[in-house]
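The values are calculated or read from the model by the stated rules, or taken from the named source; none is laboratory data. Just so you know, these numbers come straight off a predicted model, no measurement behind them. When we count neighbours, we look across all protein chains shown, and the Cβ atoms used for this are built from the backbone with ideal geometry, even at glycine. These area figures cover heavy atoms from the full protein model, side chains too; ligands, DNA and RNA do not enter into them. Shrake-Rupley method; radii C 1.70, N 1.55, O 1.52, S 1.80 Å.
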Amino acid sequence: MENMDDTSGSSFEDMGEMHQRMKEEEEEEEGEAGAGGEEDGEFLGMKGLQGQLGRQVADQMWQVGKRQASKAFSLYANIDILRPYFDKIAGELYGPLMLVFTLVAILLHGMKTSDTIIREGTLMGTAIGTCFGYWLGVSSFIYFLAYLCNAQITMVQMLSLLGYGLFGHCITLLVTYNIHFHSLFYVFWLVVGGLSTLRMVAVLVSRTVGHTQRLILCGTLAALHMLFLLYLHFAYHKVVEGILDTLEGPNVPPFQRVARDIPVVSSAVLNTTAKANALTL
């Protein structure tokens with residue numbers, strides 16, 4: 001009986017130890033599972049943080065690209081807004097520019113039909129310099145004077161006004177270069193040149209306030225415009241010829257050889273000389 005009790009006690013103790021071991025193993029498994037869950041949470045947290053940073057960088061890059069694109073579109077829009085302004089300037093100056101070139105061609109025609117000595121390579125530059133110098137120079141001077149007189153006119157308008165004013169000069173010079181009558185020139189100078197000058201004066205009068213300012217501005221423009229036409233008709237050819245003579249030297253004709261006269265020797269002298277030579281030999 002005692003043996004049975006001993007064996008039964010030992011079996012109960014073994015069962016208790018096994019149960020304790022199983023319980024400890026379960027606790028260890030639960031601990032490992034908890035630790036694994038914490039590690040998975042930490043890994044997922046790091047992964048979520050990296051994804052959030054990536055989204056922020058992508059958003060910033062998108063915003064920067066969007067701002068640059070908006071600046072580019074705004075710049076193109078501003079250029080597109082200014083395009084009609086440049087088209088307007090080109091449209092206003094196209095006619096005056098063609099009239100200036102027409103005046104250049106008429107001056108060249110007048111130089112060729114007159115008695116002026118023509119040298120290649122110099123007439124074109126002189127005519128272009130004279131016409132464009134007058135157009136740009138007088139326009140700038142009148143614009144500056146208009147600024148002092150408080151006239152409401154822009155530089156582009158002044159260029160256009162003076163350029164169209166050269167239409168009378170073109171008509172007058174084209175007719176008088178082919179028909180050489182001074183009385184005819186004076187008629188065209190007063191009528192055609194005067195009408196084109198009066199048109200410019202009328203525009204300046206409408207844009208200027210004050211009698212003194214109008215008198216100064218319009219009188220200066222009218223005097224310069226009419227005197228320029230007189231200069232082109234009477235003095236331009238002579239001035240150009242003088243400039244060319246100064247730059248290239250006077251028009252000296254090339255050196256020519258002149259045949260000399262050989263004196264006639266009489267036949268008696270020749271016969272005497274021949275006989276003397278024969279006796280000597």
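For VAL192, state whether it is open to solvent by less than 40 Å² (accessible area, probe 1.4 Å), more than 26 Å from the chain's Cα centre (by Cα) and modelled with pLDDT of 95 or more. For VAL192, the condition - open to solvent by less than 40 Å² (accessible area, probe 1.4 Å), more than 26 Å from the chain's Cα centre (by Cα) and modelled with pLDDT of 95 or more - is met. Take region 157-169 and flag every residue that is open to solvent by 10 Å² or more (accessible area, probe 1.4 Å) and either of a type in the set (Lys, Arg) or closer than 19 Å to GLY219 by Cβ (or both). Result: LEU161, single match. Of the set (1) modelled with pLDDT of 95 or more; (2) open to solvent by 80 Å² or more (accessible area, probe 1.4 Å); (3) over 29 Å from the mean Cα position of the chain (by Cα); (4) of a type outside the set (A, V, I, L, M, F, W, C), all apply to TYR143 but (3). Taking region 175-185 as the search range and keeping residues that are aromatic (Phe, Trp, Tyr) and surrounded by 15 or more Cβ atoms within 10 Å (Cβ to Cβ), which one is nearest to TYR236 (Cα to Cα)? The residue in question is TYR177. Looking for something outside any loop (DSSP other than H, G, I, E, B), of a type in the set (S, T, N, Q) and either touching a helix residue (DSSP H, G or I) at 6+ places or on another chain (Cβ under 9 Å) or within 27 Å of TYR94 (Cβ to Cβ) (or both) - is there at least one such residue anywhere in region 203-217? Yes, there is a match, as at least one residue in region 203-217 is outside any loop (DSSP other than H, G, I, E, B), of a type in the set (S, T, N, Q) and either touching a helix residue (DSSP H, G or I) at 6+ places or on another chain (Cβ under 9 Å) or within 27 Å of TYR94 (Cβ to Cβ) (or both). Comparison of THR172, THR154, THR130 shows that the only residue that is buried (at least 21 other Cβ atoms within 10 Å of the Cβ) and polar (S, T, N, Q) is THR172. Considering GLY242, GLY210, the condition of being touching a residue at least 12 places away in the same chain (Cβ under 8 Å) and surrounded by fewer than 13 Cβ atoms within 10 Å (Cβ to Cβ) is satisfied by GLY210 alone.
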